[in-house]
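**Student:** Can you read through this structure? Questions will come right after.
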Amino acid sequence: MTPEPARLGLRANAGQFSLLVGLNGFVGAMVGLERSVLPLVGERDFGLESKGAILSFVVAFGIAKALANLAAGGLADRVGRKRLLVLGWVLALPVPVLIALAPNWGWIVAANVLLGANQGLAWSMTVVMKIDLVGPVRRGLALGMNESAGYLGVAAAAFATGALAASFAPRTLVWVGAAAIATLGTAISIFFVRDTGAHVAREQLAHGRAESQTLRAAFARATVREPMLRACSQAGLVNNLNDALAWGLAPLYLAAHGASATEIGIVAGIYPAVWGAGQLLTGWLSDHTGRKPLITAGMLVQAGALVLLVAGGGAFAWALVAAVFLGIGTALVYPTLIAAVSDGVQPVERAQVVGVYRFWRDFGFVVGALVAGLVADAAGADTAIVIVAALTAGSGLWVVLTRWTERDRTADRRAGRRNVDDLLADARRKIAPRLEPEQAHQAQVSGALIVDLRSSDERRRSGVVPGSIHIPRSVLEWRVDPECENRNPAACDLDREVILICADGFSSSLAAASLGELGFRRATDLIGGFNAWKLAGLPVRAARESEGGRRLPGMGEPEPVELTERGVEWQSA
């Protein structure tokens, strides 16, 4: 039995997409368990006085996560997305044991090495797999949903541990919660998640063949060679630099100014809550306004929020407002950066280049923890926060000054210009529901007319759908308009379902919209085009040598279709 071909899009993959969204919520919750209470555990349970020593767990987490991101990008296509996802969750299983039994702070640091590896592998794969499933049209929205789920998970766990810290030992809250989440995440990944390698191959059909690149080449490309990718990598690093400060130093800063554990939990939770919920809007918005404006605005808002934290002197009310603005700024930046990186590469290159970007982004935890810890020990927490705010603002200016390879869609729209993606999206909103190959096959059985828009050379080279009619795209409207003197009588029935096919399912959508303007209410096209039909194992025959030799192209009738008890048979030539 021929396996069902991979289909791209949110609706087509709603089940798996939703499962991965929920799973990423668990990934985020693993980190959220620590955000309110772990710095306080270092200070109170283990007697650590140095801020740098306490933040060593963030350094360990950041190094492990950054390296895991890089490894995940390099291995995703060779090992498989699902296997790396499962490995990420397996690495999380010892974390609660190490935290529960820790006789010294070194065990906590070791637990965060494994937690960082878990985050790098599991979060990377949920990101990449969702990008694989949804395709290019709604990428920003998909990433917004992914990152939203992850950081709402962070927020929920941070709120819970902060609220319960007055009634239970903070370390107990962390390890019990981690044990439950890690077990559930591992089970879901093993038994319910499906790999998305076939979806990558499906999307790549629209781009032609792509040369494979080494991880070294991808690293150089995203770090040095391409200005837009380079700007995204530095912005990601600085974003997590200030997140490391919010995670490791902010709870200590608030505690030093008299905040209770509950108040610290509220501040630690509201920041990722706003961040997480906001990404549902900002991911979608970046698909319409372009990536660069949101990234720039987000970095500047983050910088302002950190300045506000210091200006408020650590007071709870000021800290709460700062946390809200820090969340807004991060929501503007986080999904947009990954979408921008994904925009700049071909589907088969995506996992590696996104892995390199995520390496630099999460290396920001290392830089942030070191800067925040060392400067706080030497000059005070206020100075450390101001320095990080200045670095964040500088990062936003870097993005402003970078020549973006992504077209400035806002400026184009002001000038009345739209690009082909806009035209394609409009066309697909106007036509009847697009059909997968199997659906088109069944529609043909029921009497639909399949119109092949490809050139004669392309048909001779690749083959044709039996029973279809060949009308080149250049003469389509003239052949199907019932009022045109050059019409083809076999293709002029306005009430008949017409399915247009091209090579990969792009120009056929535009053509179907044009037929709608001519009065064909049931005009639609084939998702993935002829290549998807062929990949699905549906009938294909060789084009005849005489094809294309008529006086006028696009004339004549389709070859006859015979219905039998076994389904459809095409008369042999």
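The values are calculated or read from the model by the stated rules, or taken from the named source; none is laboratory data. Because the structure is predicted, anything quoted here is derived from the model rather than measured. Quick reminder, even Gly has a Cβ in these numbers, built from the backbone with ideal geometry, and neighbours come from all protein chains shown. The accessibility values were calculated without ligands, DNA or RNA, using every heavy atom of the protein model including side chains. Shrake-Rupley method; radii C 1.70, N 1.55, O 1.52, S 1.80 Å.
**Student:** I need the shape label for the stretch 437-481. Rule: rounded when a/c is under 1.5, else prolate if a/b > b/c, else oblate, with a, b, c from the alpha carbon gyration tensor.
**Tutor:** Oblate is the answer for the stretch 437-481, as a/c is 1.5 or above yet b/c matches or exceeds a/b.
**Student:** For the stretch 457-480 and the stretch 273-347, compute the distance between their C-alpha centroids and round to whole Å.
**Tutor:** 49
**Student:** With +1 on each Lys and Arg Cβ and -1 on each Asp and Glu Cβ, how big is the dipole of the chain about its Cα centre, in debye rounded to the nearest 20?
**Tutor:** Approximately 600 debye in magnitude.
**Student:** Compute the long axis of helix 170-191 from its Cα atoms, compare it with the longest principal axis of the Cα atoms of the chain, and write down the angle in degrees, 0 to 90, nearest 10.
**Tutor:** The helix 170-191 is inclined about 20 degrees to the chain.
**Student:** With just the Cα atoms defining each centre, how far is the stretch 111-151 from the stretch 357-408? Give it in Å.
**Tutor:** Rounded to whole Å, the Cα centres lie 22 Å apart.
**Student:** I've got another one for you. Tell me which lysines have Cα within less than 20 Å of residue 65's Cα, excluding those fewer than 8 residues away on the same chain?
**Tutor:** Correct list for residue 65: 82, 130.
**Student:** Pairing the Cα long axis of helix 81-92 with the longest principal axis of the chain, what angle in degrees results, from 0 to 90 and rounded to the nearest 10?
**Tutor:** With rounding to tens, the tilt is 20 degrees.
**Student:** State the percentage of accessible surface on the chain attributable to carbon and sulfur atoms; use a 1.4 Å probe and exclude ligands, DNA and RNA.
**Tutor:** Carbon-and-sulfur percentage of accessible area, whole number: 61.
**Student:** Please report the accessible area of residue 506 (heavy atoms, 1.4 Å probe, ligands and nucleic acids excluded) in Å², nearest 10.
**Tutor:** 90
**Student:** Something else about it: Heavy atoms only, 1.4 Å probe, whole protein assembly: order 559, 147 by accessible area, highest first.
**Tutor:** Solvent-accessible surface, decreasing: 559, 147.
**Student:** Can you pull out the GluC sites (Glu not before Pro) in the stretch 480-511 whose DSSP state is coil and whose Cβ has at most 10 other Cβ atoms within 10 Å?
**Tutor:** Those satisfying the criteria are 483, 485.
**Student:** Here's a follow-up. Rolling a 1.4 angstrom probe over the protein chains, ignoring ligands and nucleic acids, what is the accessible area of residue 426 in square angstrom, nearest 10?
**Tutor:** About 30 Å², rounded to the nearest 10.
**Student:** Let me check something: with ligands and nucleic acids excluded, how do 328, 54 order by accessible area (1.4 Å probe), largest to smallest?
**Tutor:** 328, 54
**Student:** Please give the per residue accessible area of the chain, computed with a probe of 1.4 Å over protein heavy atoms only, in Å².
**Tutor:** Per residue, the chain has an accessible area of 40 Å².
**Student:** Okay, next question. If you average the alpha carbon positions of the stretch 40-102 and of the stretch 487-559, how far apart do those two centres end up, in angstrom?
**Tutor:** A separation of 54 Å, based on Cα centres.
**Student:** Here's another thing I want to ask about it. State whether the chain is rounded, prolate or oblate according to the following rule on the C-alpha gyration tensor (a ≥ b ≥ c being the square roots of its eigenvalues): a/c under 1.5 gives rounded; otherwise a/b larger than b/c gives prolate, and the remaining case gives oblate.
**Tutor:** Taking the square roots of the gyration eigenvalues as a ≥ b ≥ c, the chain is prolate.
**Student:** Please list 461, 221 from largest to smallest accessible area, probe radius 1.4 Å, with all protein chains kept in place.
**Tutor:** My answer, sorted largest first, is 461, 221.
**Student:** Based on the Cα atoms of the stretch 75-166, what semi-axes does the equivalent ellipsoid have, where each is the square root of 5 times one gyration tensor eigenvalue, given in whole Å with the largest first?
**Tutor:** After scaling each eigenvalue by five and taking roots: 29, 19, 8 Å.
**Student:** If I take every Cα pair under 8 Å that is 6 or more residues apart in the chain, average their sequence separation and divide by the length, what percent do I get for the relative contact order?
**Tutor:** Relative contact order of the chain: 18 percent.
**Student:** Relative to the first principal axis of the alpha-carbon coordinates of the chain, what is the inclination of helix 124-134, with its axis defined by its Cα atoms, in degrees from 0 to 90 and to the nearest 10?
**Tutor:** 30
**Student:** Here's another thing I want to ask about it. Give, in nm to one decimal, the length gained when the segment between residue 456 and residue 225 is fully stretched (0.36 nm per residue of separation minus the Cα-Cα distance).
**Tutor:** Roughly 79.1 nm would be gained on extension.
**Student:** Using Cα-Cα distances under 8 Å and only pairs 6 or more residues apart, what relative contact order does the stretch 50-204 have, in percent?
**Tutor:** 33
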